[in-house]
Amino acid sequence: MEVLKIATAGSVDDGKSTLIGRLLYDTKSLTTDKLEAIEAKSKANGFDYLDFSLATDGLIAEREQGITIDVAHIYFSTETKSYIIADTPGHIEYTRNMVTGASTSQASIILVDARKGVVEQTYRHFFINNLLRVKDVIVAINKMDLVDYAEEVFESVKSDFQKLIDKSDFKDQNITFIPVSALQGDNVVDRSSHTSWYKGQTLLEHLEELDAQDVYEKSQVRFPIQTVIRPKKDEFHDFRGYAGKLYGGDLSVGDEVTILPSLTTSRIKEIFFFDEKFDTAGRGSSCTITLEDDVNVSRGDMIVKSDEKPQIEKQLTATVCWMDNKSLNPGTNYFIQSGSSRILAKIKSIEGTIATDFSGEDNSKNSLGLNEIGKVSIQLSKPLAFDKYHNNKSSGSFILIDSQTNNTSGVGFIV
Amino acid sequence: MEVIEKIEKPIIHKKLEVNTLESEAIYILREVAAQFEKPVLLFSGGKDSITLVRLAQKAFYPAKIPFPLLHIDTGHNFPETIAFRDKLVEELGVELIVRKVQDSIDQGKVVEEKGKYASRNSLQTTTLLDALEEFKFDAAIGGARRDEEKARAKERIFSVRDDFGQWDEKNQRPELFDHLNGKIELGQNVRVFPISNWTELDVWSYIEKENIEIPSIYFAHKRKTFIRDGMIWSAEDNVVYRDDSETVEERTVRFRTVGDMSCTAAVLSDAGTIEKVVAEIRSSKISERGARIDDKRSEAAMEKRKQQGYF
């Protein structure tokens, strides 16, 4: 079954958890024991309705404070698709969680409170979806029940949001506006009788039509080697298999390939998946290949089609989102990890910070603090094969690992 | 002279289509083998760890699974599970390490719980941590899934634990794209969850599709049972505490999860085949953990256990 990963973003009290709870409830995904727990807790908290947010807030501190702290993953399925929702908190200080959630998602739901309209947080949420090139963005204008389901309110929020879209440089992004009430269940799964002026789809109807295969973007073939498989068995005496996950496109037996960074060339001899052989491996599959020639390939190398080479360089510039309490400063060393490749790197310079409200760059600062985004120039100790993030998400992104604490301190999108 | 052109034998084009969840799990298992010195796969004999074993076979074929299996034996296992475990290990030719909760009790490291709800489930943590220490395992692969429970929904794929095995839920490493960071300090270890994103139904559907053998207790069978708190408990093997007022009756049941017998309840079912089990799960209105008394102790039971090093 198709799997669609969705990130959700909204400010505190926009009703994000309630929306997810409503999706679960109306698709009959909440089991009896979970529903009973929600009923009991809602009653104990003095609500006369079901507090669906209780379905997602998992940690003790979250329930006590009624907020979401960490990315939570929620699962439900319909006849046609399996859905994975990365529920990310909306507080300013948790930009890192939103970026994390969006990095593995194909679609994103941004919540806007119909009474408050587009606020600073909305800018930030949309900016992150933009930066990460999330293909489908659904703007759910929530709490329509509190504005009498007025079309003017919906249209006014929509036109405010349009001003943000005008500032975006990602013109292929599909943006869909839906008037909803998560609490009352309007236009989430079932069509609302209160919004006869709205002719579009409900949230679930829209999600059902999205192409989940697009998660693996169509671009150039990238096959980073995770591990070399050498069975010590008689029947596979000289077997050298290169195991990895295939990104960007399909790879077939006979394809002429180049191994990076050595630039050696060969051809694909066999494609294995478990004990079966295939002529072609589809993008996204985790397969094992063998090559016609006896060449030197190890973990961290990348196999590409010979006519689709990426850049291979010892320096790069990237938009970096910083996720560590310890700020990022020029002259410091970090490990850069992109897939199976991990290389020691030095931060050459921070060219400026980028405002998440689309107001542009500030070139006066030369460090990046927690949750700040900036343009960073990096020197590598060895050549790395990479793409621009806009062309290839997997080989165009990396994480920065602190060499002392081992923390994942930041994420970079190569420009 | 007429030249007859050689006719090429037609090639049968077979394309490997992606199964997103399977591909993700295999990717994770290969990262573990590559990034860690001494990984181990935690094997309980339950369906999730059996699924992990199949995924590991696929990840490294034609080589053998490059890490041993570790079974933390509560001593309260269903006998069918142990027989199944030993057969599987022999077929795979991998090393099996067994460490017993009973030994931890005998050494005075943990104290057996008493009373009606006594279970060895939370005692497992000490035995597990000791085993990780004893063999210097730096990565322990487990079959936990995010859909099982609320605290698990917040768990990472690579979950870093300190020397005490503790989960610091508010200070977890962000995980972006497929860039998994397995760098750790000496003394730390990582719990790895390759099937984090699978649901119970995904696991069962996979077992059906792949024709994976599982222990017989997952299928409907006749069993002596009694009822407490609306749940059905096994009255065989004298593991589950039962007082005289609780009457034993033979019922046709099966188990949805296979944990410690003392905290795993059965469900009434006549699903005798994998197809029927999948159909039953698909229409089920009770969550899998609904049959685990260990999670019913309090709303935050799992979170608290994880902070203490439970996987």
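The values are calculated or read from the model by the stated rules, or taken from the named source; none is laboratory data. Treat the numbers as computed from the prediction; the structure is a model and nothing was measured. For neighbour counting, all protein chains shown are included, and Cβ atoms are generated from backbone atoms with ideal geometry for every residue, glycine included.
Annotations
- Which listed residue is over 29 Å from A:Glu2 (Cβ atoms) and either within 14 Å of chain A (Cβ to nearest Cβ) or modelled with pLDDT under 95 (or both), from B:Lys224, B:Lys154: B:Lys224
- Failed item, numbered, when B:Val203 is tested on (1) hydrophobic (A, V, I, L, M, F, W, C); (2) in a helix (DSSP H, G or I); (3) within 20 Å of B:Ile72 (Cα to Cα); (4) within 14 Å of another protein chain (Cβ to nearest Cβ): (3)
- Total residues in region A:198-256, condition facing chain B (nearest Cβ under 8 Å) and assigned to a loop (DSSP other than H, G, I, E, B): 7
- If the condition is being away from chain B (no Cβ under 14 Å) and part of a strand (DSSP E or B), then region A:272-317 contributes A:Leu291, A:Ile303, A:Val304, A:Lys305, A:Gln311, A:Ile312, A:Glu313, A:Lys314, A:Gln315, A:Leu316, A:Thr317.
- Subset of region B:50-83 (residues that are away from every other protein chain (no Cβ under 14 Å) and at pLDDT below 95): B:Ile72, B:Asp73, B:Thr74, B:Gly75, B:His76, B:Asn77, B:Phe78, B:Pro79, B:Glu80, B:Thr81, B:Ile82, B:Ala83
- One residue from A:Arg299, A:Arg240, A:Arg267 being in contact (Cβ under 8 Å) with a residue 60 or more places away in the chain and among the charged types (D, E, K, R): A:Arg299
- Residue in region A:261-268 that is buried (at least 21 other Cβ atoms within 10 Å of the Cβ), within 7 Å of chain B (Cβ to nearest Cβ), in contact with a strand residue (DSSP E or B) (Cβ under 6 Å, 6 or more places away or on another chain) and assigned to a strand (DSSP E or B) present: no
- Entry remark, region A:128-161: residues being farther than 22 Å from A:Gly15 by Cα and not hydrophobic (A, V, I, L, M, F, W, C) number 3 in total.
- Count - residues of region B:249-285 that are among the polar types (S, T, N, Q) and closer than 18 Å to B:Thr199 by Cβ: 3
- Taken together, B:Ala59, B:Ala25 contain a single residue that is in contact with a Lys or Arg (Cβ under 6 Å, 6 or more places away or on another chain), within 12 Å of B:Pro194 (Cα to Cα) and either of a type in the set (Val, Ile, Thr) or assigned to a helix (DSSP H, G or I) (or both), which is B:Ala59.
- Neighbours by Cβ (under 6 Å, 6+ apart or cross-chain): first from region B:17-34, more than 16 Å from B:Ser205 (Cβ to Cβ) and at the interface with chain A (Cβ under 7 Å from one of its Cβ atoms); second among the acidic types (Asp, Glu) and assigned to a helix (DSSP H, G or I): none
- Odd one out for A:Asp13 among (1) more than 13 Å from chain B (Cβ to nearest Cβ); (2) within 24 Å of the chain's Cα centre (by Cα); (3) assigned to a helix (DSSP H, G or I): (3)
- Single residue of B:Pro215, B:Pro174 found to be surrounded by 21 or more Cβ atoms within 10 Å (Cβ to Cβ) and free of Cβ contacts under 8 Å to residues at least 12 places away in the same chain: B:Pro174
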